[in-house]
Amino acid sequence: MVSSVNDKLARVVAIAKTQKSFTNIPVVYTTYERAIRYVPRERRTLSYVLAKPKDGVPVEEVTRRIHEQTGLGAFTAEEFGWKTIGWVLKNTGIGINFGTTILLGFIVGMAIAGQTFYLFTVENLRQFGALKAMGTSTFTLARMILLQAFTVGLTGYGVGIGLATVFGFLTAQSGGLPFIETWQLLLLVLVALLAICTFSALISIIKLARLEPAIVFR
Amino acid sequence: MMDSQAQPAAVRARGIVKSFGTGDTKVTVLRGIDLDIYLGEMLLLVGESGGGKTTLLSAIAGILDIDDGNIDVLGVPLGELPAGKRTTFRGQTMGFIYQQFNLLPALTAAENVAVPLLIQKIGRPEALRRARAMLDRVGLSDRAEFLPKNLSVGQQQRVAIARALVNEPRLLICDEPTAALDGPNGQKIMELLREVGRSPDRCVVVVTHDSRIFHFGDRLARLTDGRIVSIEPIAREGTA
């Protein structure tokens, strides 16, 4: 099949089926000499060179020597991956879009969880008042509320992470957008979730601390 | 009737004053109450709605701060106890029976009865053993594993009585214990309360406006407009 790239004829010998990505830029696999004929004239026509060290030579050693001898950046696959992620987050709208979505999710999650817990507390004020009257300290009630919040939160965390992981596997297998799920990400989500649980519980704890047990007689 | 007044006063209230609100909306509910309640007796606090019965009950229980006066319970001045110690004291010495029972809906009858013991840090197996024994005393041993929603209102109040008595409190505080019950059930509950609740080393205070249960008490204190207007022994067959 003959096609044209930037008004230059090109013979297409194969079409690669690759993983989807966030950027919808078409990728052409060809030789460097042909590639620079297809792209418009620019000051720089080479972004990076993909290299593989000889067997038995450590990648870190090769990148260090390339940097020393050329003054250019040389990275391992993992370093380059994170550098790319950093660049995309900083220089494209993806970072802002995803960051806003996550922030909104955090705020909405906190508001809903807080409201739900607060309503639960208000609905059961007489029971809490009865417990206080029977000699339960505010500290014990606070521990009860925190235990409930963390139990519900951690159950939701397990279910949520599980579903997200299954979704990720199925999506990647069907050629959809893949995503990575590192332990750092799981830890960050856990910390955020515990923050939401603590905040939600705190609203109820303040209510209970101010609760007069005499409410049970009204 | 026991010769309760030969005993020392378990509750000694002097000059109790309590108001709610401020400025033009300030309402004085208790206006200098003096009251002694003795070990071994069941005192009924009666009077019109809004007369201050429940407020006085809350003050005696130490769950409502008063504006003026002193309340000693079993020789301990409640006003001088810090909030935390007052809560602990309440848990160790008082039992409560409420108009609406206030059972915890997710717990079984036995677990509800065990709550005061668990609050006192008694181990769960021992607390449940004592709770089941107390349920047996109120005739509900076959309902120990039932949730409150599966019990009749009379049975729920019996569970509440068992809960109030399980830690053997020396002061039993009852707020309208028959208000949510029909006549026969109310009579049964008061009979039960008199049978298992009364003890020579315990006093029982019952707030009620139900004249059908007055005869269960030993003394009757009438509150009107924040003042005790009379305290009378209740005549009972063979004792009057």
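The values are calculated or read from the model by the stated rules, or taken from the named source; none is laboratory data. From a predicted model like this one, the values you see are computed outputs, not experimental measurements. Neighbour counts are summed over all protein chains in view; Cβ atoms, including those assigned to glycine, are modelled from backbone coordinates with ideal geometry. Note: accessible area is taken over every heavy atom of the protein model, side chains too, but ligands, DNA and RNA are not part of it. Shrake-Rupley method; radii C 1.70, N 1.55, O 1.52, S 1.80 Å.
Can you compute the helix-only [θ] at 222 nm over chain B? Use -39500 (n - 2.57) per DSSP H run of at least 4 residues, normalise by all residues, nearest 500 deg cm²/dmol.
One gets -8500 deg cm²/dmol as the mean residue ellipticity at 222 nm.
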Point to revise | Per-selection metrics, segment A:93-217 (Cα): Rg and Dmax in Å | key: 18.9, 64
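Using the alpha carbon gyration tensor of segment A:1-96, what are the three equivalent-ellipsoid semi-axes (square root of 5 times each eigenvalue), largest first, in whole Å?
For segment A:1-96, the ellipsoid semi-axes come out as 28, 20, 15 Å.
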Check your understanding: Per the 1.4 Å probe, what fraction of the accessible area of segment A:93-217, in percent, lies on carbon and sulfur atoms?
Key -> 78 percent
Point to revise | Residue-wise HN-Hα coupling along segment A:31-48, computed from phi with Karplus coefficients 6.51, -1.76, 1.60 (Hz; x: Gly, Pro) | key: 7, 5, 4, 5, 4, 6, 7, 6, 7, x, 5, 9, 5, 10, 10, 10, 8, 7
Study note, to complete from the structure: Once A:Val13 and A:Leu103 are pulled to full extension, the length gained, defined as 0.36 nm per residue separation minus their Cα-Cα distance, is 27.8 nm
Study note, to complete from the structure: Taking Cα atoms, the helix B:83-93 axis meets the longest principal axis of chain B at an angle in degrees (rounded to 10) of 60 degrees
Point to revise | Accessible area (Å², 1.4 Å probe, nearest 10) - A:Tyr48 | key: 130 Å²
Point to revise | Cα-based reach from A:Lys52 at 20 Å (exclusive), listing aspartates and glutamates while leaving out same-chain residues under 8 positions away | key: A:Glu60, A:Glu61, A:Glu68, A:Glu78, A:Glu79
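Rank A:Leu9, B:Leu171 by accessible area, highest first, at a 1.4 Å probe radius?
Details: A:Leu9 140, B:Leu171 0 Å².
Accessible-area ranking of A:Leu9, B:Leu171, largest first: A:Leu9, B:Leu171.
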Exercise for review: Anything losing 50 Å² or more of accessible area from the isolated chain to the full protein assembly: pick those residues out of segment A:180-218, probe 1.4 Å, ligands and DNA/RNA ignored.
Suggested key: A:Phe217
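Averaged per residue, what accessible area in Å² does segment A:93-217 show with a 1.4 Å probe, protein chains only?
Numbers: 7180 Å² over 125 residues.
I get 57 Å² per residue for segment A:93-217.
How much of the DSSP beta bridge set in the protein assembly as shown is antiparallel, as a percent to the nearest 5? Working shown, then result.
Numbers: 27 of 45 bridges.
DSSP beta bridges in the protein assembly as shown are roughly 60 percent antiparallel.
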Check your understanding: For peptide B:97-105, how many partner chain Cβ atoms fall within 10 Å of a residue's Cβ, on average?
Key -> 4
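At a Förster distance of 30 Å, what's the computed FRET efficiency of B:Asp65 paired with B:Ala235, Cβ-Cβ distance as r, to 0.05? Intermediate results must be reported in sequence, preceding the final value.
Values: r = 37 Å, r/R0 = 1.24.
My answer for the efficiency is 0.20.
Roughly speaking, what is the stretch gain from A:Ile96 to A:Tyr32, that is 0.36 nm per residue apart minus the C-alpha to C-alpha distance, in nm to one decimal?
19.6 nm
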Check your understanding: In the full protein assembly as shown, how much of A:Met110 is accessible to a 1.4 Å probe, in Å² to the nearest 10?
Key -> 40 Å²
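Per-residue ellipticity at 222 nm for chain A, helices alone: DSSP H runs ≥ 4 residues times -39500 (n - 2.57), over residue total, nearest 500 deg cm²/dmol? If you can, show how the numbers build up before the last one.
Working: 7 runs with 137 residues, N = 218.
Here the helix-only value at 222 nm equals -21500 deg cm²/dmol.
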Study note, to complete from the structure: Ignoring ligands and nucleic acids, A:Glu212 exposes an accessible area, probe 1.4 Å, in Å² to the nearest 10, of 90 Å²
Review point. Cross-link list A:Lys54/A:Lys90; A:Lys17/A:Lys83; A:Lys20/A:Lys90; A:Lys8/A:Lys83; B:Lys85/B:Lys121; A:Lys20/A:Lys83: which exceed 27 angstrom alpha carbon to alpha carbon?
Key: A:Lys54/A:Lys90; A:Lys8/A:Lys83
Point to revise | Summed buried accessible area for B+A [probe radius 1.4 Å, Å², rounded to 100] | key: 1600 Å²
Review point. When ligands, DNA and RNA are left out and all protein chains stay put, how many square angstrom of accessible area per residue does chain B have with a 1.4 Å probe?
Key: 44 Å²
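Which percent of the accessible area of chain B is formed by carbon and sulfur heavy atoms (probe 1.4 angstrom)? Don't jump to the answer; show the numbers that get you there.
Numbers: 5040 of 10460 Å².
Here carbon and sulfur together make up 48 percent of the probe-accessible area.
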Study note, to complete from the structure: The FRET efficiency for A:Lys20 and A:Ala195, from their Cβ-Cβ distance with R0 = 41 Å and rounded to 0.05, is 0.80
Study note, to complete from the structure: Taking a label point 7 Å from the Cα of A:Ala111 along Cα-to-Cβ, the residues of segment A:188-205 whose backbone nitrogen sits under 14 Å from it are none
Check your understanding: By how many degrees, 0 to 90 and rounded to 10, does the Cα axis of helix A:93-123 deviate from the longest principal axis of chain A?
Key -> 10 degrees
**Study point:** Computed FRET value (nearest 0.05) for A:Ser174 with A:Trp82, which takes r as the C-beta separation and R₀ as 25 Å
**Key:** 0.40
Practice item. Amide H neighbours of B:Ser199 under 5 Å, at least 5 residues apart or on other chains, H built in the peptide plane: list them. Key: B:Gly40
Exercise for review: Find how many whole Å separate the alpha carbon centroid of segment A:51-86 from the alpha carbon centroid of segment B:142-174.
Suggested key: 74 Å
